[in-house]
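Colleague: Structure below; questions to follow.
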Amino acid sequence: ADACGSVGTVVHFGHLKSNEPLEGYQNLISCLDTALADWDGQAKVLLENQAGDHGPMGTTMEELIQIRKLSRYPEHIAFCFDTCHAFASGMWTTGDEASMLEKGRLLGYWDALAAVHFNDSKYPSGSCKDRHARIGQGYIGTKAMQELLCAPEFHQAVVVLETESGEDGTHRGDIELMRSWL
């Protein structure tokens, strides 16, 4: 990632195969610390929030912040906020974007935001289903997607689409829609 000039490498919490959440957190922190022990580049490890489809770990801003704080190398860790995952996990519901953004400000989450996976959701908030929809064509909807993209918190981050391509085989339609909002 560093050699390519990338902001970082996105990683997920993984899937806990134990009934002990503490064990999962300890494993994640240990893996991060091992991977970052000799790292001195600019690219960061980007912890991405999860949708909850494989359990509740990694679905809250508080968890992500705590994992970063407990690592020996928090300066090498940032966040990747996936809009579909956050919505699917129940982090927010359509129409409550301002509250979710404010919570992130109060927690300091947005201060470490480096990337956004910008996707609508094929399923409702709280469904815990990780199924991305094209921009404005899912349960998050056009108005909420526009509010998020225009939020100052997102302006500091690299924004990436992970949606299906349009009928023309490209993401041109989604990109044009997003540009029209800015």
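Colleague: Quick one: is Ser99 open to solvent by 40 Å² or more (accessible area, probe 1.4 Å) and of a type in the set (S, T, N, Q)?
Modeller: Values: open to solvent by 40 Å² or more (accessible area, probe 1.4 Å): yes; of a type in the set (S, T, N, Q): yes.
Judged against the criteria, Ser99 is a match.
Colleague: Name, by its number, the condition in (1) under 19 Å from Phe154 (Cα atoms); (2) open to solvent by less than 10 Å² (accessible area, probe 1.4 Å); (3) out of contact with any Lys or Arg (no Cβ under 8 Å at 6 or more places or on another chain) that does not hold for Ile67.
Modeller: All conditions are met except number (1).
Colleague: Does Cys31 meet the test of being in contact with a Lys or Arg (Cβ under 8 Å, 6 or more places away or on another chain) and either of a type outside the set (D, E, K, R) or open to solvent by less than 70 Å² (accessible area, probe 1.4 Å) (or both)?
Modeller: Numbers: in contact with a Lys or Arg (Cβ under 8 Å, 6 or more places away or on another chain): no; either of a type outside the set (D, E, K, R) or open to solvent by less than 70 Å² (accessible area, probe 1.4 Å) (or both): yes.
Considered against the rule, which asks whether it is in contact with a Lys or Arg (Cβ under 8 Å, 6 or more places away or on another chain) and either of a type outside the set (D, E, K, R) or open to solvent by less than 70 Å² (accessible area, probe 1.4 Å) (or both), Cys31 comes out as no.
Colleague: Under 8 Å between Cβ atoms, which residue pairs at least 6 apart in sequence (or on different chains) link something in segment 49-77 that is farther than 17 Å from Ala88 by Cα with a partner that is modelled with pLDDT of 95 or more and of a type in the set (Ser, Thr, Tyr)?
Modeller: Ile65/Tyr109; Ile77/Ser71
Colleague: Please specify each residue of segment 136-170 satisfying the condition of being open to solvent by less than 70 Å² (accessible area, probe 1.4 Å), part of a loop (DSSP other than H, G, I, E, B) and at pLDDT 95 or above.
Modeller: Those that are open to solvent by less than 70 Å² (accessible area, probe 1.4 Å), part of a loop (DSSP other than H, G, I, E, B) and at pLDDT 95 or above: Gly138, Ile140, Gly141, Ala151, Ala157.
Colleague: Separate question: Among the residues of segment 33-88, how many are in a loop (DSSP other than H, G, I, E, B) and of a type in the set (D, E, K, R)?
Modeller: Of the residues in segment 33-88, 3 are in a loop (DSSP other than H, G, I, E, B) and of a type in the set (D, E, K, R).
Colleague: From the list Ala133, Ala112, which residue is within 13 Å of the chain's Cα centre (by Cα) and among the small types (Gly, Ala, Ser)?
Modeller: Ala112
Colleague: Are any residues in segment 105-135 open to solvent by 10 Å² or more (accessible area, probe 1.4 Å), among the small types (Gly, Ala, Ser) and assigned to a strand (DSSP E or B), and if so, which ones?
Modeller: Ala114
The values are calculated or read from the model by the stated rules, or taken from the named source; none is laboratory data. Please read these numbers as outputs of a predicted model, since none were measured by experiment. Every residue, glycine as well, gets a Cβ built from its backbone with ideal geometry; the counts of neighbours run over all protein chains shown. We work out accessible area using only protein heavy atoms, side chains counted, and drop any ligands, DNA or RNA first. Shrake-Rupley method; radii C 1.70, N 1.55, O 1.52, S 1.80 Å.
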